[in-house]
Structure formats: C-alpha cells, structure tokens
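Here the structure is laid out as structure tokens; the discussion comes afterwards.
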Amino acid sequence: MDLATERKINEDLLRPLRQTSVWFFLLIAGLGIIVLAGVGSWMYQIWNGLAVAGIRWPVFWAFYITNFVFWIGISHAGTLISAILRLVNATWRRPVTRCAEVITVFALMIGAMFPIIHLGRPWLFFWLIPYPSERQIWPNLRSPLAWDFFAISTYLTGSTLFLLLPLIPDFALLRDQMRGWRKRIYAVLALGWQGTTKQWHRLEAAMQIMAIAIVPVAVSVHTIVSFDFSMSSVPMWHSTVFGPYFVAGAIFSGIAALILAMAVLRKALHLEEYLHPVHFQNLGKLLLMMSLLWGYFTFAERLTTWYGNNSAEMAVFWETQTGAYSPLFWTMVFCNFVIPFPLLAIRRLRTITGTVIASSLIVVGMWLERFLIIVPSLATKHLPYAWGAYRPQPVEIMITVATFAAMVLLYALFAKAVPIISIWELKVGGHAQPVLTPEEQEEQRELWKARP
Amino acid sequence: MAVDLDRCTGCEACVTACRTENNIRIAGPEQSARGRAIAWIRVERYYEGDFPDVRVKFRPVMCQQCDAAPCEPVCPTYASHHTDEGLNAQVYNRCIGTRYCANACPYSVRFFNFGNPVWDRPLELPLNPDVSVREVGVVEKCTFCVQRINAGKEQAKAENRELQDGEIKPACVQSCPASALVFGDLNDAESEVSRLSRSSRGTKLLEDLGTLPKVTYLQRQF
C-alpha cells in the first residue's frame, strides 16, 4: 500500500473526529432528551413503585425482561460475529469488526440495566453480587438470576477487552495526529504503543486468545438467559430447545442490528468507499442462514408442543397461535421469516436497501419474539382461575424507547471519539500478499489434505 | 392442611379472616382491576355444564407449602426458602423483588407489593401486631399463619406439655363455618389432617408437576 492511500484512509476515517457539524449536536441533544425522559420515568417508577407499570398478577415479567433478553441478544452482533470472522480469517471483515464490537459493549450495558430496572427494590440490586456482607449470606447459586450476573459480567469484561485490544494501535495513531487535550487523553489510552515488532506480536497473540475465548462465553450468555425461563415449570418455558433457540435468535437479531448500524454509518460519515455493497451481501447471506435457522427452531418448538398436547401448554399454544396474541405472533413470523427470506435469498434483492429493510423487520420481529415467549406463558399458567392479560403502561414504553435512544446516543458519541473503522486493520489488509512459488502453493494446499 | 371440597360452600370467610389476621393490604377497586389485589387464600370458582344444569365447584387455594417448591431454587437472595419444619417461608427483608418466585409458582399464590401499603382510616386500627406489614417491592404469600404456630408451640412449652392436635388453627381454618379446612401435624400419623390426607378421596393440586404439595384436597363426591 502506498503512502497516498494510507494518508487517504487516515483522512477519511479521522474526518468525523476532526469536523463536527451542527447536526451532530442536534442529534445528541434530541437523543439526550429522550434518554433523560427515560431516566425520569425510571425515577418516577422507583418513587411510586411498580404500580405505575403494566405488570400485574400473574404476569410479573413483561416489557423490562423482554428488553433485557432483546438487548443481550443484540449484543451477540458484535463480538461473536467479529470473533468468528477473525478466526476464519475472512478478509472482508476488516471494515466491519469494530462497528460490530461496539454494538456488543453498548447493548450489553443497556441490557444489563433491565434486571435492575425491573426489581421491586432496585436499590438492593447488589445483593445479587457475591461479596462478604454483614448479612452473611451469599446469593443463591441455584438461581438462574445469579448465573445471569456471572454470565453477563464475564461477557461484558470479555467484549470490552475484545473491543479495546485492536483499538490500541488506533489510539496511538490518534495520539500522533491530534493536538491539545485530546492528544493527552489518547496518549493515556494508547498505553505506550510504539508499533515495535514485539508489541505487534503480543497484540496479535492477545487478540487470537480473546477471539477464541469470547465465542463460548457469548454462547453461554444467551443460553443462561434462556435458562431464566426454561428452569421453571411454566408452560412453554420448560423446554430443552430454549438454549440454542435463544442463541440463534440472538445472533440473528445481532446481525440485523449490525447491518442497520453499518448502513447508517455509511451514509452519515460518508464511508461509501469502505463499507461496500459486498459487506452487506455477505452479512445478508449470514442473516439469511440465521433466518432459516430461526424458522426451523420456531417450527420445531411449536410442532413438539402441539404433538405433546399437554393441556397447560396447549392453552398457551392456542393463545399465541389463534388467540389474543396471534396478531403479534403472525407479525413476528412475517418480520422474521416470510419477508426477509425472499429479500435475502434472491441475489438481485440482496442489496444495501434490501438488507436494511430485512434487518429493520428482523429487529422488530425479534423484539416481538422475546415478548411472545415471556408474556403469554405467564398470562396462561396452569390454573385457569389465575389467568390474566397484560397491557404496557406509559412508563414501560418510555423506558423502552429511551434504551433505543441510548444505544444510538452512545454509538454516535463513540464514533465521534474513535474511528469507527479500524484504521490499522484496513492498512494491513491493503498490503500485497507475498507472491508464492508453485511449490509453496502446493505446500499450502497440502495442509488442507487429510494426512495419514 | 386438608381441604374437604364437599364441605366448602364458597362463603369466603377464610379470605376475610386471612386478610385481617395477616395485615393484607387493601388495593381498592381500580388497582384490583389492574391485577394488584392480594389474597393469600382465594376461593376459585369453576362452572361445569350448561344452564340450567350447572354445577359450581369451589376450591380454596392457598400456598401449598410444597416440599419441592418451584419458588425456592429460583430466588437469588434466599428470600424464599424451606424451614426445618417444612414450611415454605418468605423473608420479606431479604426479598429484592425479582418476582421470579411468583412466575415459577404453578399455583399463582405469590403476590407482589406494587406500591407502599396504605390503609384508609380507620382500617389501620385492626392491624395485627404479630405480623409485619410488607413494604413496596417485596413478594408475599400465605405462611400457614406461622405467628399462630409459633405462639401455640410457645404456649405448650410454657405449660410443659405436648401440642394437642387441632390446638393451632390458622385464621382460615378457625373461621371456616363448614369445617372444610383442617390443619395439623402431618408427621403425627394420628392427627386428623394425616387421617384426611390418607383418604381415598385425597388429591393434590397439579400433582403431576412433582411439587409435592402439603395441602390435600378431598374431591367432591356429590
């Protein structure tokens, strides 16, 4: 790669950090107001108790837990996808990885808020954390909620490291390019990076370790989130398929969120030269596979329930299939499968617009899926006397809207402080591959052959 | 506890007695319609057949004090736990309000305090000093009137004698005019509740879930 190209990459990707238009401030102010309204709603709820929310006997979990599962699902966008793409050494990944990893960290932060928001006494949330306390009791380690705490904190730590490691060389670049107070901040963040061979080797090794370690962590996180439901005997919750079903759904919604984020970044930051249609094509193929997998899991889950014909489960089954929740259920099927499938399967439609439409629908559909797993089961438990219907209240809706605003706000602020596309990885990718002799090529091909 | 469904007339005296004994909050019509009413014991009504051949079935449902209670392992703070006596206890001060226990309970007999309790004057006057008032954000449920159990045991100990069968009566049992509810020691094979629990009419509620409930329902014969 010649010097001119490298300079162009620097200029293009550092432009958002150097120049700020008035639209950015307007966006931040608008999103900030929505987030503040959400925080205000939460304070109002703490002050008045959960009486202001829509939850009731017997539907004790609803919007908040839906949001919890949804955001933890979105967080699988990043780290998992970027880790897999790194491990299989897919070269097209280079401009994609960082925007994906950022989604993970922020979505996890937002998702982890919800178990606290939904508590009856949120000021005591730290009782979920094991620490030597004057009460002399530990959290109940048999409870899936205690597992949640460990799973989410591990994943948040891991994915933050996974985001920060490849940022170090870019922080060093920023340290060298910026002036004034910003230079001092980036100098601290760059951790003394000088670009020596030793440092590169260590970075590569650390990233390789993190990429391998984060995959089982990500899978286990959403499995444990699914355990919150499948460990209790509530009809249609107590199911062995929930672990993989939740993980597949999480990756599904995660890729959709990633495509949306990339499309917005591409337009807003003028990154057309870096985020090509081929990236959307490739992610669209992944999304298509996950859509099929999601459809398969949903079908398998429903069919087994129907054949099992357990009376308590059938009540929930018909309630979602043809009853009060059926409009939501069929909207979900259309959003997650019926419309995205042709959009993503037909090559002519798998354009940027096509994948963005499919992704928007999938984000809505996956939110509905989480809601439809939680609410109908609780509303239609074993004793018909104790059935009830849930309706969300303004507080719950406001807090839900505010989390989406918070996601965009954090993302916008991050893109203002850090190049959203990894500069050094792009440059590495631009280097010409060494020309191999036919013997060397043969030797490389040899590696793929089965040896005795 | 044993419940004879043949004797239950659905008068709901047990519900009222329980409310007074255990300081259960009053939700009011508007909040009740929104599912915030609390009733540690309720009389479920089920109708069978078409008019005019309608049969009404009453079934008083309270916490079944399960031996394998689904609410216990799910609580992250041990607020819901098993006592040595076999009661399923709820420690209000330890509860942080995840409501997981209330979801896991197949009998839906766990209730959540959606707001701080208020009693319009003079309804606060008959509050029972032996029972704590639950604050906002905690889960509560039937205790089998544990305050009466403890008082009865202490009384017997003070008088240096064994507890008599039928000496301890939870509020619902005491107030049942038809004697449909019977309370006693299941470990004592001679007690009335043990005898009724062994009855051929005896069934457990949602027995196939494997929760091992301690309440036996004697099914209706007519």
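Worth a mention:
- Filtering A:A211, A:A172 for residues that are modelled with pLDDT of 90 or more and more than 30 Å from A:G73 (Cα to Cα) leaves a single hit, A:A172.
- Scanning the range A:210-266 for residues being outside any loop (DSSP other than H, G, I, E, B), closer than 19 Å to A:F317 by Cα and not hydrophobic (A, V, I, L, M, F, W, C) gives a total of 3.
- A single member of B:G210, B:G184 is at pLDDT below 95 and within 14 Å of chain A (Cβ to nearest Cβ), and it is B:G210.
- Options A:L156, A:L108, A:L128; residue that is buried (at least 18 other Cβ atoms within 10 Å of the Cβ), closer than 26 Å to B:C101 by Cβ and of a type in the set (A, V, I, L, M): A:L128
- The condition of being surrounded by 18 or more Cβ atoms within 10 Å (Cβ to Cβ), small (G, A, S) and not in a loop (DSSP other than H, G, I, E, B) holds for B:A17.
- Residue count for the range B:172-222, restricted to those that are aromatic (F, W, Y) and under 21 Å from B:Q147 (Cα atoms): 1
- Top-ranked residue in the range A:378-394 [being over 15 Å from B:R34 (Cα atoms) and in a helix (DSSP H, G or I); ranked as farthest from the other protein chains (Cβ to nearest Cβ)]: A:P384
- Applying the set (1) more than 29 Å from the chain's Cα centre (by Cα); (2) loosely packed, with under 12 Cβ neighbours inside 10 Å to A:F25 leaves exactly one unmet item: (1).
- Boolean, B:N150 is within 30 Å of A:R121 (Cα to Cα) and not hydrophobic (A, V, I, L, M, F, W, C): yes
- Looking only at the range B:138-185, and only at residues there that are aliphatic (A, V, I, L, M), touching a residue at least 60 places away in the same chain (Cβ under 8 Å) and part of a loop (DSSP other than H, G, I, E, B), the one that is surrounded by the most Cβ atoms within 10 Å (Cβ to Cβ): B:A180
- In the range A:226-247, the residues that are away from chain B (no Cβ under 13 Å) and buried (at least 20 other Cβ atoms within 10 Å of the Cβ): A:S226, A:F242, A:Y245, A:F246, A:V247
- Residue ranges of helices (runs of 4 or more DSSP H) in the range A:1-77 with at least 2 members more than 29 Å from A:V364 (Cβ to Cβ): A:3-18, A:22-48
- Taken over the range A:30-76, the criterion of being within 15 Å of A:T400 (Cβ to Cβ) and of a type in the set (G, A, S) is satisfied by A:A37, A:G38, A:G40, A:S41, A:A53, A:G54, A:A62, A:G73.
- Verdict on A:I116 being closer than 19 Å to A:F60 by Cβ and hydrophobic (A, V, I, L, M, F, W, C): yes
- Count - residues of the range B:23-34 that are crowded, with 20+ Cβ neighbours inside 10 Å and not hydrophobic (A, V, I, L, M, F, W, C): 1
- For the range A:129-165, the set of residues classified as outside any loop (DSSP other than H, G, I, E, B) and either among the β-branched types (V, I, T) or touching a Phe, Trp or Tyr at 6+ places or on another chain (Cβ under 8 Å) (or both) consists of A:P144, A:L145, A:W147, A:I152, A:T154, A:T157, A:T160, listed by residue number.
- Scanning the range A:1-55 for residues that are closer than 30 Å to A:R391 by Cβ and either β-branched (V, I, T) or at pLDDT below 85 (or both) yields A:I33, A:I34, A:V35, A:V39, A:I46, A:V52, A:I55.
- The residue that is nearest to the other protein chains (Cβ to nearest Cβ), counting only those in the range A:56-98 that are closer than 25 Å to A:I374 by Cα and among the hydroxyl-bearing types (S, T, Y), is A:Y64.
- For B:K169, the stated conditions hold: it is under 17 Å from B:N187 (Cα atoms) and either within 14 Å of chain A (Cβ to nearest Cβ) or not small (G, A, S) (or both).
- Of all residues making up the range A:85-98, the number that are part of a helix (DSSP H, G or I) and crowded, with 18+ Cβ neighbours inside 10 Å: 5
- Among the residues of the range A:176-194, those that are surrounded by fewer than 17 Cβ atoms within 10 Å (Cβ to Cβ) and in a loop (DSSP other than H, G, I, E, B) comprise A:R179, A:L191, A:G192, A:Q194.
Residue-by-condition table, conditions (1) surrounded by fewer than 17 Cβ atoms within 10 Å (Cβ to Cβ); (2) closer than 30 Å to A:N48 by Cβ:
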{"site": "B:E21", "(1), (2)": "no, yes"}
{"site": "B:R36", "(1), (2)": "no, yes"}
{"site": "B:A39", "(1), (2)": "no, yes"}
{"site": "B:V43", "(1), (2)": "no, no"}
{"site": "B:V54", "(1), (2)": "yes, no"}
{"site": "B:D67", "(1), (2)": "yes, no"}
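- Per-region count, the range A:99-124, residues within 14 Å of another protein chain (Cβ to nearest Cβ) and in a helix (DSSP H, G or I): 7
- Scope the range B:100-119; condition within 17 Å of A:P139 (Cα to Cα) and either within 8 Å of chain A (Cβ to nearest Cβ) or part of a loop (DSSP other than H, G, I, E, B) (or both); matching residues: B:Y100
- Matching residues, the range A:173-218, being free of Cβ contacts under 8 Å to residues at least 60 places away in the same chain and among the β-branched types (V, I, T): A:I185, A:V188, A:T196, A:T197, A:I209
- Pairs, first at positive phi in the range B:8-28, second of a type outside the set (S, T, N, Q) and assigned to a loop (DSSP other than H, G, I, E, B), C-beta under 6 Å, six or more apart: B:N23/B:L127; B:N23/B:V131; B:N23/B:V133
The values are calculated or read from the model by the stated rules, or taken from the named source; none is laboratory data. From a predicted model like this one, the values you see are computed outputs, not experimental measurements. Counting neighbours? That spans all protein chains shown, and the Cβs are built from the backbone with ideal geometry, glycine included.
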